[in-house]
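Q: Dumping the structure here so I can ask a few things about it.
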Amino acid sequence: MAKYDLILSGGMALDPANGFEGVADIGIKAGMIARVAPELDPFDGDEVVDVSGRWVMPGQIDTHAHVAGLSRNWDPALGYAMLARAGTTTVLDMGGTGYSLVDGIKRKGAGLNVAGLFALIPGATMPAAEPSPPEARDIVAGALRQGCIGVKILGGYHPFSPQTTSDIIHACNDQLAYVAFHIGTRESGSHLGGVREIPRLVGKGRLHVCHVNSYCRGVIEDADAECDEALGILEEMRSQLNSEAYHAIQNGTSGSCDFEGNVQANVPRNCLAMRGYAPTREGMGQAILDGYASVIGQRGGHVVYLKGREALTLYERANTQVGMSFPVNLPSTAFKLTTAKNAAGEFIVDAVSTDGGCHPRNVAIQSSMALVAFGALTPLEMATKLSLTPARMLGLANKGHFSEGADADITIINPNTNQPTMSFVAGKPIMVEGQVVGSGGTLLVTAKGRRAADASGLPYQVVDMAKSRLYAGA
Ligand SMILES: [Zn+2]
């Protein structure tokens, strides 16, 4: 029997956990990293893949993407293939249910590792608009039993009072459930005003702050000042918070209007106001015709941004119940939040995410490679923000590095094009030259989700949240 099932030969290995950056061969056995060395004997490998000229990093982990949410106009599970093509090997779904997660993996999985958060949507996934602390505790327990690793609070769409928001965060903390927050309560909004509430809401607790970039669009102050203030709050509460920022210019939001023709959610209202459109059905219609607002739709098995007349027709036909996107994220904000470090030289925002998946903006690798070319990140720093730190955020001790015995999750990048060219999960290819070759997926659950994972029939791994960056030392 060969010593290795697979040898990836001659690539530039990036392994920040071990401080290693250099040309090396990587030997894989039984789905795990067996050896990284300047040269392995090719006769020791059942299969040898030449990756010379390529960069080889621990599999990219996307700590904010959508593959299981509710959508009427496209299938969120298409996000698995979209992520695989983008070089992702592990994804944290930012808001579905345990059932939608399992269903999507079975139908359209692309071989990724998948952890899910339970979306808190009053009237849809939970009964009360303002759950009491005991109700919040039960909702969180139920989410874990379904196989989610925690919950997502969607403050930009379904905000709670500050008190309820705080109660939910603490209900999660008490059960070591992951808790992510799209910032905003009934008293603030999905902008810097909501970021200012974090210290009061979290207290001594723990929280994942979603897509920090989206609160620094210049809604309250000058965008640069908003970045500085957000970074200050994140740094002040460093040991209590996980955070990520994404790079795409396009946001993702909802077009939904109430029966009086008013745009409902906070986020699209802000987007319309930024360009002087009324926050109404008519204002949205004009923004679509002008090409400012795009409608998200499915065409030929792909999720795409639709514009102009075609988009307006879809918007009207769906009675405004569509996903939408506006080009409101600022590159200067993305740059600043991604590269900012504290006095100790540590990144203040932990990870680069996409807020993509089934939204066509899975650009984390491309944009981070561009930052390397720009000199704003070193190659090892890029691997830190795309893989090592995300693994630690989620408590995935076997991922994010190339130590012996680590999961052989690997993303290979062509440094001439900045594009991922190949990726592996547990030593098996899931994407080769842009073609998805993986299927199904591995569920990541807490010990409380073991029964649901067993019942799903999918392979799964149990994650110990006590070891995650969110709860370590709590
Ligand atoms: Zn999101």
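Values in this text are rule-based calculations from the coordinates and carry no lab data. Remember, it's a predicted structure, so these values are computed and weren't measured experimentally. Cβ sites come from the backbone with ideal geometry, for glycine too, and all protein chains shown count toward neighbours.
Q: I'd like to know how region 421-470 sits against the 2.2 N^0.38 Å rule of thumb: what's its Cα Rg over that expected value?
A: Output field value: 1.43.
Q: A further question follows. With no solvent and one equal point scatterer placed on each C-alpha of region 252-327, evaluate the Debye formula and give log10 I(q)/I(0) for q = 0.20 Å⁻¹, two decimals.
A: Ignoring solvent entirely, the Cα scatterers give -0.73.
Q: Using the per-residue mean of other Cβ atoms lying within 10 Å as a proxy for protection, in what order, highest first, do the peptides 107-113, 227-233 fall?
A: For the peptides 107-113, 227-233, the packing ranking is 107-113, 227-233.
Q: Moving on to the next point. Ranked highest first by average number of other Cβ atoms within 10 Å, how do 301-309, 150-158 line up?
A: Put in order of decreasing packing, that is 150-158, 301-309.
Q: Which of ASP167, ASP224 has the fewest other C-beta atoms within 10 Å, and how do the rest follow up to the most?
A: The most exposed by this proxy come first: ASP224, ASP167.
Q: Bin width 10 Å, alpha-carbon pairs only: give the P(r) of region 1-150 as whole percents, running from 0 to the bin holding the largest distance.
A: 11, 29, 24, 20, 11, 5, 0
Q: Express the C-alpha Rg of region 164-236 as a ratio against the empirical globular expectation 2.2 N^0.38 Å, rounded to two decimals.
A: Rounded to two decimals, the normalised Rg is 1.08.
Q: Right, next: For a quick protection proxy, order the peptides 424-433, 84-93 by their average other-Cβ count within 10 Å, most packed first.
A: 84-93, 424-433
Q: Report the relative contact order of region 252-327, percent, no decimals, based on alpha-carbon pairs under 8 angstrom and at least 6 residues apart.
A: Once normalised by length, the contact order is 35 percent.
Q: Could you tell me which of THR164, ALA84, ALA115 has its Cα farthest along the dipole of region 84-167 towards the positive end, charges placed at Cβ (Lys, Arg +1; Asp, Glu -1), taken about the Cα centre?
A: With unit charges placed on the Cβ atoms, the residue in question is ALA84.
Q: Still on this structure, I have one more. Whole number please: convex hull volume per residue, Cα atoms of region 142-288, in Å³.
A: 128
Q: Which of the residue pairs LYS108/LYS336; LYS336/LYS385; LYS152/LYS341; LYS204/LYS399; LYS399/LYS467; LYS3/LYS428 have a Cα-Cα distance greater than 24 Å in the structure shown?
A: Correct reply: LYS108/LYS336; LYS152/LYS341; LYS204/LYS399.
Q: Where does region 1-89 land on Rg(C-alpha)/(2.2 N^0.38 Å)?
A: Relative to the rule-of-thumb radius for its length, region 1-89 sits at 1.38.
Q: Further question: Work out the length of the dipole vector of region 371-474 about its Cα centre, built from +1 on the beta-carbon of each Lys and Arg and -1 on the beta-carbon of each Asp and Glu, and round it to the nearest 20 debye.
A: In total the dipole reaches around 400 debye.
Q: Percentage of Cα-Cα pair distances in the chain greater than 39 Å, rounded to whole percent?
A: That fraction is 17 percent.
Q: What is the sum of charges, Lys and Arg at +1 and Asp and Glu at -1, for the other residues whose Cβ falls under 9 Å from the Cβ of ASP75?
A: +2
Q: Right, here's the next one. How big is the gap, in Å, between the Cα center of region 270-332 and the Cα center of region 437-474?
A: Comparing the Cα centres of region 270-332 and region 437-474, I get a distance of 36 Å.
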